[in-house]
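The values are calculated or read from the model by the stated rules, or taken from the named source; none is laboratory data. Keep in mind that what you see is a predicted model, and the values were worked out from it rather than measured. All Cβ positions, glycine included, derive from the backbone under ideal geometry; neighbour counts span all protein chains shown.
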Amino acid sequence: MLNANLFPYLLGLATFLFTVGAAGVLIRRNPIVVFMCIELMLNAANVALVAYGRFLNSQEGQIFAFMVIVVAAAEVVVGLALITQIFRLGRELDVDDLSEMKE
Amino acid sequence: MSVDTASTLVILVLLFPLLGAALNGFLGAMLGRRFVNIAGTVSIFASFVVACFVLANVVGAPAGHSAITIRLWQWIDLGGGTNLSVGMDFTLDALSALMLMVITGVGFLIHVYSVGYMEHDPGFARFFSYMNFFIFSMLTLVLAADLVILIIGWALVALSSYLLIGFWYDRPTAVLAARKAFITQVIGDIGLVIAAFLIVLNTHTLSLPNIFARTQTFPAGGALVTGVCVLLAIGAFAKSAQFPLHTWLPDAMEGPTPVSALIHAATMVTAGVYLIARFHVLFNLAPVAEGLVACIGMGTAVMAGIIALSQIDIKRVIAYSTMSQIGLMIYAVGIGAYSAGMFHFTIHAVFKALLFMAAGNVIHALHDEQDIRLMGGLHARMRWTHLAFGAGSLSLAGFLLFSGWFSKENLLGFGTVSGPGAAPWILYVVGVGVNVLTGLYAFRLYFTVFQGEPQTARIFAVKEAGRAMLVPVVILAALAVVVAWPLEFPLPNTLHIFSDFLSPVFAGSQSQLFHEPGLGVAAIGLVVGSAASLIGIGLALRLWYEHRPDAQLVLGRLPRVLPLLSYNKFYFDEIYDRTLVQPVKAVARTARRVVEPDVMDGWVSGVGDLLRGFSLDLRSIQTGLIRDYASLFTVFAVVLVVVWVFIAR
């Protein structure tokens, strides 16, 4: 049985991980790193969900966490496929370079 | 006649021309010339046959039952406690039967003539469609027994007239003439519509028989009834080309000649006479308005007669003579001699249609030459046309025993004792002067065109018109000689079949201006009038056939201003141009220069500029950089959370 006092620390951990992920998305230009940062943000959300579920005595938090993992996996499949395709076109992997859709 | 018979006759007489217009308009160009010629003429002939049945029914009806008003269906119920309803109401009586006969009879002959005249025109289907439609509109106008239907017919004839004047729409002059005619008509329409409103306001009904039955709501001689009658007269003046709304008629000669014969001589321009005759019950209550109508009618007759003396376009001379003759009719209905006015209308329809069609033959033979100074000597080359034109001119001038003599002397005979003011015969004296003028201009035209030496070489190559154009002319020429003989004799207590036929229509009330001349006065009037016509013809003979130097000398002694006024049509076009057309155009130009670019455009493009500027500003945040979007997204997400946590809760 975990101590209820741990709850704020778990939320603090989730917030820290989310901030690191968001900062990475905003700052880094390599799409693979951006993807890793998005994964980091999703997992921060997972930590928060599980923590809430545990301290509210509910299974729903864990169920949602599984949902998030599945969605994240699907997202990575699509994202990595895009990145490989861009790489095969011989383009530099830089998100700032990929702005043709603007016009 | 029973209601069922009357309904059937009304539906049929209106249906045939409308059907012809629709067939020619929608299918004519596809089905070809032969089809259009047949559909265009047969529809009017069918209508004419129905009109004959109407006439037989009206004549055969027992005394006192010759008029019948039918309601085909109720069109609009105005409700709201007003008790007003617009019905498809039509009247069959002696007056409408007479109008039907003239419109469809003369109309049919002119349609046959058009087959020849429009032989080489590519717009034949459109032409016959418009002509059929005109007949339909005119029949609607004369049959209407409801104010709204009357006004619809009134406006539709103006529309057909507009379409036919501007028939050759690639000629700028024709388009301008059509526009001028239509605008003048609309001025008259305003008068008619305001009069209609005043009538409805006071009688609370739209049905003409009910209106005439409720005239006690108008105090006799009061300002109200006088105003209504003056407004009605303005409508009539615009339609009938009377001073001061007359300037459109000569320009309307830009249309094809059959159009001039049908619309601008025989039928539409006499609608004003019909209107006053139809509303005679109201006019009889307003002697002041009647006097005004009589004076303007006679004034127009003199003015148009003087102008006709010096015009050089063959059709314009006849147009001014039409204006002058309609002036006489308007004078007649103004002094309350309604039967006389309608009689002159009938005879005039015959001989004026004849004159126009004979002139059309000449114009056709000379390949659209209308200048009479370039004609002359045509009598040897166009024998039948020449005879017909001569018969028409004699009838127009009122030569003894020609139809025009009967109708015009009959009309002027009533003028000897009837008329406005203390000295009613003054207008009669002017009318005798008009007789002289008529003889003068009619035979100036005849002598210049058909007698004398040919003025150009191409006269020698002229051939007589084809059969389709000649037969109607010859029929009308025969009618112009004899048609009046069995109808009316211009002396009291003699032959009066025509006025007896119309008398039930006008029996209800009598004008205060109207008096029946005695036998002695009428006989003196007859002699004076006939002599005046002969003097006119004789003067024309000396001036333009024999070219007598002494006669020319008399003409030369006239003040210089007279021929100048005559040739320039009393400068009405110039006056209207300066006082009305140019100021309106100046206002329009100012509006285009100032109001349009600064106010209208400023406001319209201001809205556009505002939106465009806004979107341009907004566009700058679309950088294409994913990290920018993510930053914005994050910032707004944080703002949203902060708002939700600290403010909204």
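Conditions (1) within 14 Å of chain B (Cβ to nearest Cβ); (2) small (Gly, Ala, Ser); (3) in contact with a helix residue (DSSP H, G or I) (Cβ under 6 Å, 6 or more places away or on another chain); (4) not in a helix (DSSP H, G or I), marked per residue:
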residue: A:7; (1), (2), (3), (4): no, no, yes, no
residue: A:17; (1), (2), (3), (4): no, no, yes, no
residue: A:33; (1), (2), (3), (4): yes, no, no, no
residue: A:49; (1), (2), (3), (4): no, no, yes, no
residue: A:53; (1), (2), (3), (4): no, yes, yes, no
residue: A:72; (1), (2), (3), (4): no, yes, yes, no
residue: A:96; (1), (2), (3), (4): yes, no, no, yes
task = Can you confirm whether the stretch B:354-367 contains a residue that is in a loop (DSSP other than H, G, I, E, B) and more than 16 Å from the chain's Cα centre (by Cα)?
result = yes
key: Filtered residues of the stretch B:158-189 (kept if in contact with an Asp or Glu (Cβ under 8 Å, 6 or more places away or on another chain), among the basic types (Lys, Arg) and within 15 Å of residue B:238 (Cβ to Cβ))   = B:180
task = Give the residue that is surrounded by the fewest Cβ atoms within 10 Å (Cβ to Cβ), with candidates limited to residues of the stretch A:80-94 that are farther than 20 Å from residue A:27 by Cα and within 14 Å of another protein chain (Cβ to nearest Cβ).
result = A:82
ask   = In the stretch B:532-540, is there at least one residue being surrounded by fewer than 13 Cβ atoms within 10 Å (Cβ to Cβ) and either charged (D, E, K, R) or farther than 30 Å from residue B:247 by Cβ (or both)?
value = no
query = Considering B:353, B:337, B:365, which residue is modelled with pLDDT of 90 or more and either under 21 Å from residue B:471 (Cα atoms) or not β-branched (Val, Ile, Thr) (or both)?
reply = B:353
request  = Only residues that are without any contact (Cβ under 8 Å) to a residue 40 or more places away in the chain and surrounded by 21 or more Cβ atoms within 10 Å (Cβ to Cβ): list them for the stretch B:9-22, please.
outcome  = B:16
query = Within the stretch B:348-370, which residues are under 26 Å from residue B:292 (Cβ atoms) and touching a Gly at 6+ places or on another chain (Cβ under 8 Å)?
reply = B:348, B:352
query = Which residue out of B:627, B:589, B:560, B:619 is exposed (fewer than 12 other Cβ atoms within 10 Å of the Cβ), under 30 Å from residue A:101 (Cα atoms) and either free of Cβ contacts under 8 Å to residues at least 12 places away in the same chain or aliphatic (A, V, I, L, M) (or both)?
reply = B:619
Residues that are surrounded by 20 or more Cβ atoms within 10 Å (Cβ to Cβ) and among the acidic types (Asp, Glu), drawn from the stretch B:462-521 = B:488
Among the residues listed as B:128, B:133, the single one being touching a residue at least 40 places away in the same chain (Cβ under 8 Å), aromatic (Phe, Trp, Tyr), surrounded by fewer than 24 Cβ atoms within 10 Å (Cβ to Cβ) and farther than 30 Å from residue B:499 by Cβ = B:133
Any chance residue B:66 is of a type in the set (Ser, Thr, Tyr), closer than 27 Å to residue B:347 by Cα and in a helix (DSSP H, G or I) = no
key: Filter result (in contact (Cβ under 8 Å) with a residue 60 or more places away in the chain and either of a type in the set (Val, Ile, Thr) or in contact with a strand residue (DSSP E or B) (Cβ under 9 Å, 6 or more places away or on another chain) (or both)) within the stretch B:407-435   = B:407, B:410, B:416, B:417, B:430, B:432, B:434
remark   = residue B:275 passes all but one of the listed conditions (1) part of a helix (DSSP H, G or I); (2) in contact with a Cys (Cβ under 9 Å, 6 or more places away or on another chain); the exception is number (2)
Output for the stretch B:606-622, where each listed residue is within 14 Å of chain A (Cβ to nearest Cβ) and either of a type in the set (D, E, K, R) or more than 25 Å from residue B:633 (Cα to Cα) (or both) = B:619
request  = Kindly provide the set of residues from the stretch B:160-180 that are assigned to a helix (DSSP H, G or I) and either under 17 Å from residue B:258 (Cα atoms) or touching a Leu at 6+ places or on another chain (Cβ under 6 Å) (or both), ordered by number.
outcome  = B:160, B:161, B:162, B:163, B:164, B:165, B:174, B:177, B:178
